[in-house]
Structure formats: C-alpha cells, structure tokens
Amino acid sequence: MLHAKVPKCNHRLDRTTFSTSREMDFFSKKELINQTGHDCFEWPLVIVKELVDNAIDASEEASVAPIIQVCCDSTGISVADNGPGLPETALIGQLDFKVRVSSREAYVSPCRGAQGNALKTLFPMPYVLDPKHGKVIVEAQGSRHTISCGADPLSQRAIINRDKSKLGKSKKLQISNGKENLGFSCGTFFRLEWEPNPNGWPFDPDYDFDFWFSYVSNLIDGFALFNPHLSIELNWFGQKHKCWIATDKKWKKWLPSDPTSPHWYMQTNIERLIGAYITHERDAGLNGDGKLVNDFLAEFDGLTGSAKRSRVLGDAGLKRMRLSELAADGKLDTDRITKLLAAMQRHTRPVKSQGLGLIGEDHFKARILEMGCLPESFQYEKELDKPPKVKTDENGEDQKPRFLPCVVESAFGWRREKSEERRGIFVDRRRIFAGVNWSAAIKNPFRNFGSTGEGLEADLNKLKAGGYEPIIFALHLAHPRVSYTDRGKSALVIEGDGAEEDAR
C-alpha cells in the first residue's frame, strides 16, 4: 500500500478573529433569501405582500377603509394607499440596519406582521437586483425620498443615500371596477425600481411575465378575500387587470390600535414587553422619570378604569411604582412581573372569539362567485372557540381558566369544467387561498394539522379535491398568538398556554 507523504510545515497560522457588521445581513442575495425566507424568483410576491400589509395597517390605524393600488411594470413594483402617510422619522428608523424597528414585535395580538424586518428587507432589494440603477422611491406627507442602498466592500457596512425633495399637490388616484369608481388621495407611495430588462424582471430571467402575473394576481385576490373593507386594484404593465371594491367599508375587526388583552400574554411575552418599554425609556434618557405601572396597565383591554387598575396594583404590590423599577442589575424582577400578570388576568375578562372579527359568509360568497364559482356549489363554515366554564376553588373563589380566542373560517366553491387558460392561470385548476390574521399568505402555512402530520393539501386530496380539480378553497385563521417555523411564514405554529401546538 502506498502512503502519501504529508509535507512538513515549519510555519504556524495564527488566525485573526474578524468582526463583520450585521448590516450585511441585508445586502446580498443569499442574506436576503435568509431574511425573507423566499428565493429570488418569489421576491415580487414578497414586495407586494409586505407593502400591502403595511398599507392596510396604516389605513386601519387612521380609521379609514383601505384603498390600495398595486402597479407592476418592466421597471418596478409600486403600492399606493389612502393612509395618513409614512412619517419621515419612521422611514429613517427603517434605514438603520443595525437595529430592528417594529411597533408589533413586542406586543401579543392578532396582527398582520410581527417580525419587524419587512421594510428592511425591501430597501436593499433593488440594489441586490440591480447594483447600478436599483433604488426605492417613497412619497409621503409632502416629501419625496429617493433612496439608494449599497455596501462598502471593505468595511462591509451599509451605505445609504437619501435625497429628499418637496412634492406638489398630493396625488389623486382612482380605481374602478366598471361599476364603482373610488377616488382617493395618496397617503404613501412606495416603489422599488430597477433598469428595464427586455428578457423579463431581474428576479429570474427563466420566468416570463405570465408566470409572475399568475402569482401576483392570486396574492391580490387573497387580500381581497380576507378583507371585506379593502378596495384594491392591480395594474399590470399599463393595463388594469382587476379591481376589487370593498363589500363592507365599515367592517369591524380587532385593530392594531386596539388595546391588547392580558389573557393573550404568557410570562415570557409580558417580560418582553416590559423590557422593551424600559429599554426605550433608557434610550430616550428618561432615567427615573418613565412610565408608571398604572399607565402601563391603562393600555390593556379591561383595565382602562382607574378602580380596576388600583385593585391590580394592590394585588401585585406595585402602587405608585414605575416600570423601570421592575428591573435591577440588568435583570427583570420575574417574581413581581408574575404577580402583576396574574392580577391583570384575574381582574379582566378574556376577549371573546367574535371580538377578533368575522370575515363572514356574505363576503366570502360574493368574492368566490366573482371568481367564477357556481352559486349552488358555495359552502361556508366557521368555528369560534368558546371560553371554558369558570371553576370555583376550595375557598369559593372563581378561577378563570386561560383562554385564547380563535376564529377559523373556510369557504368552498366549484367552477365550470370547461378548460380555460388566462395569462398563465388554468382557471379549472384548484386554487387555495390561505390567510392568517387578514393577511394573504404567499405559501400555504397550514402545513401540519395536529397529530396527523398532514396539511391542508393532503386533506383536500383525501376529499377528492386534488390539484387539477376546478375548485376554490379558502381558509382563514384569526388568533392573537401565532408564530412560524421560518421567516418565510411557510409553516404556522399556534402557541397555546405554556406550550406550542400545531395548527388545528
């Protein structure tokens, strides 16, 4: 047997430990795939989804029915809404890639987004796709911001250029479905732009525009399906493709501006929120002069009254104390916070499931019939979790069991058997719309139902509603405590009391 001789090395390499800025987590194709959870060819869907989510939230917080226009052309993708307009301070905060900025992440609530990095992934995207010409344009509150991002190849740090100019009169936009016309003043106009490419969009030249059209159009349909108060139009390469007008502009649901319920929080959740408040106060220089625990309680559902707050503070032993006093030596006072949360839950009632908001049979039926389903085939089901009965302990005191509200709605329709293809969409094939907390999903998040290990597609296949059947099936979940197994939100996890449970 021959043995290769290993050359003798007389020199030793002493490796240097280098530090690389985390800003680079957003400035390469590989890193953006990790951050978004989606491959490059799916980025058009990421852009539309995140911008539409933000636009609906902004309109809801301004107490107006959302009106949104989505435009796609060879040079970019834009979304305009009728909200109050993105504040410049919020825009600047999103351009700081060293920190995560979010008004959602620390709270527990049924909201559309909670990861806090949506806009941060969008700003570098044009640069990654087109380093020479890629840019983002934001128009809001009388100003136009032209933003180009880059990365210093030596220091590996972000380079942000933002040019600000004044706008004239606010844009007046109009959407129409041929029956109704809606005019609206643009609150925020957000556009990702790149150099036109005759071979297609820069995401992946192997896919033609009809491929992207089918998926973008499907995503727009999903948002219209899960939001009765939403009017939304898709303009595709200069041609108006479709326009959904709201079926109920006064539709009610839980809003991001509504107080959250103490019953939605576990110990880790409430500690995260209190820690975020304390850190925010320290960063603002409010040492010793921050929020009172009493004021903190007033932000929760059921605790707006001073009498209830006084009882909670008395039970927890926190009267006239500030939130900052719940932390010492770099640690949170877990025992005190445990007593506080228990008192908050003891003196309040859980939110009923219907308080989250029902999309409703009438809206689902109107949308699904407009998509071509036969009226006699339409079916709708809903399930609302109910609070368990209150039990009395050995001392005769009521023990309120923990309860998380949950609303599951599903709708089904069958289309005509005649095979037809429109812009790459085979209209006689199965179309699945999946949504969580009124946001349409890019991929089906209902991948695992309980102990079966099987997801939505498997269940539909068992019912002989396979991929080539001419059906539409919609499934929507409203729940205050959901999370995902990945950043792409492709697999849903419902968090129960003390443990995580698979989606049911």
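None of the figures in this text is laboratory data; all of them are computed from the coordinates on show. Please read all numbers here as calculations on a predicted model, not as lab measurements. So basically every Cβ, Gly included, is an ideal-geometry build from the backbone, and we count neighbours across all protein chains shown.
Structural remarks
- In sequence order, the range 436-442 has phi-based couplings of 10, 6, 6, 10, 6, 8, 6 Hz under the Karplus curve 6.51 cos²θ - 1.76 cosθ + 1.60, θ = phi - 60°, and Gly or Pro positions carry x.
- The relative contact order of the chain, computed from alpha carbon pairs under 8 Å that lie at least 6 residues apart in sequence, is 14 percent.
- Mean-position separation - Cα centroids, the range 41-68 and the range 310-372, in angstrom: 25 Å
- For the range 262-346, the spread of Cα positions along the three principal axes, ordered from largest to smallest, is 32, 23, 20 Å.
- Summarising the overall dimensions of the range 256-308 from its C-alpha atoms, the Rg and Dmax are 12.1, 32 angstrom.
- Label sites at residue 286 and residue 443, each approximated as a point 7 angstrom past Cα along Cα to Cβ, lie 4.0 nm apart.
- In summary, the range 95-162 shows an alpha-carbon radius of gyration equal to 1.29 times the 2.2 N^0.38 Å reference for compact globular proteins.
- Distance in nm between pseudo-label sites at residue 325 and residue 402 (7 Å out along the Cβ direction from Cα): 2.8 nm
- A cut-off under 9 angstrom between Cβ atoms defines the neighbours of residue 148, and their net charge, with Lys, Arg +1 and Asp, Glu -1, is +1.
- Normalising the Debye intensity of the chain to I(0), with uniform scatterers on Cα atoms only, and taking log10 at q = 0.09, 0.12 Å⁻¹ returns -0.73, -1.21.
- Ordering 126-136, 326-336 by mean Cβ neighbour count within 10 Å, with the highest value first, yields 126-136, 326-336.
- Calculated [222 nm] ellipticity per residue, helices only, for the chain: -7500 deg cm²/dmol; basis is -39500 (n - 2.57) per DSSP H run with n ≥ 4, divided by all residues, nearest 500.
- The range 262-346 - charge dipole about Cα centre, Lys and Arg +1 at Cβ, Asp and Glu -1, debye rounded to 20: 320 debye
- Its Cα gyration tensor gives the range 22-244 an equivalent ellipsoid. The semi-axes, each the square root of 5 times an eigenvalue, are 26, 21, 18 Å from largest down.
- Other residues with beta-carbon under 12 Å from the beta-carbon of residue 310 carry, at +1 per Lys or Arg and -1 per Asp or Glu, a net charge of +4.
- Magnitude of the charge dipole, the range 22-244, Cβ model with Lys/Arg +1 and Asp/Glu -1, debye to 20: 680 debye
- Cβ-based exposure ranking for 348, 36, in which fewest neighbours within 10 Å come first: 348, 36
- Equivalent ellipsoid semi-axes - Cα gyration tensor, the range 196-261, angstrom: 32, 15, 9
- With 5 Å bins beginning at zero, the pair-distance distribution over Cα atoms of the range 130-219 amounts to 3, 10, 13, 15, 16, 18, 15, 7, 2, 1, 0, 0 %.
- Peptide ranges 378-388, 70-80 listed from the most packed, as the mean C-beta count within 10 angstrom indicates: 70-80, 378-388
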